[in-house]
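The values are calculated or read from the model by the stated rules, or taken from the named source; none is laboratory data. The model shown is predicted, which means the values in this text are computed figures rather than measured ones. FYI the Cβ positions are ideal-geometry reconstructions off the backbone, even for glycines, and counts take in every protein chain you see. Ligands, DNA and RNA are excluded from the accessible area calculation, which covers all protein heavy atoms including side chains. Shrake-Rupley method; radii C 1.70, N 1.55, O 1.52, S 1.80 Å.
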Amino acid sequence: MKEAGAPPPVFGFGISKPAHVQAALAAGAAGVISGSAIVQLAREKEGTARLRQFVSAMKAATRSELVS
């Protein structure tokens with residue numbers, strides 16, 4: 001696909017945990033999208049703090065030693 005000029009693959013369905021990020025990257029994804037999980041946290045009354053924690057945990061998963 002890369003040789004044909006396709007954009008890098010990005011996974012975006014069901015990505016709601018750091019383990020999902022690690023699995024997607026290990027499978028060859030160039031990135032992930034967590035749209036529904038972020039929207040759900042943003043709707044919560046005290047979602048701001050939880051949203052920050054969620055995003056931090058998801059980003060940390062991209063740097064995990066488990067990702068090969």
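Annotations for the structure displayed:
- Within the accessible surface of the range 12-68, defined with a 1.4 Å probe on protein heavy atoms only, the carbon and sulfur portion equals 55 percent.
- Rel. contact order, % - alpha carbon contacts under 8 angstrom, at least six apart, the range 1-64: 34 percent
- Only Lys, Arg, Asp and Glu carry charge here, each on its Cβ (+1 for the first two, -1 for the last two); on that basis the chain has a dipole of about 220 debye about its Cα centre.
- Residues in the range 9-68 average 71 Å² of solvent-accessible surface per residue, probe 1.4 Å, ligands and nucleic acids excluded.
- The chain: translational diffusion in µm²/s, Stokes-Einstein, Kirkwood Rh over Cα pairs, 20 °C, 1.002 mPa s: 167 µm²/s
- Among V21, V55, V39, residue whose mean-square fluctuation peaks in a GNM of the chain (springs only between Cα atoms under 10 Å): V39
- MRE, 222 nm, helices only [DSSP H, n ≥ 4, -39500 (n - 2.57), over the chain, to nearest 500]: -15500 deg cm²/dmol
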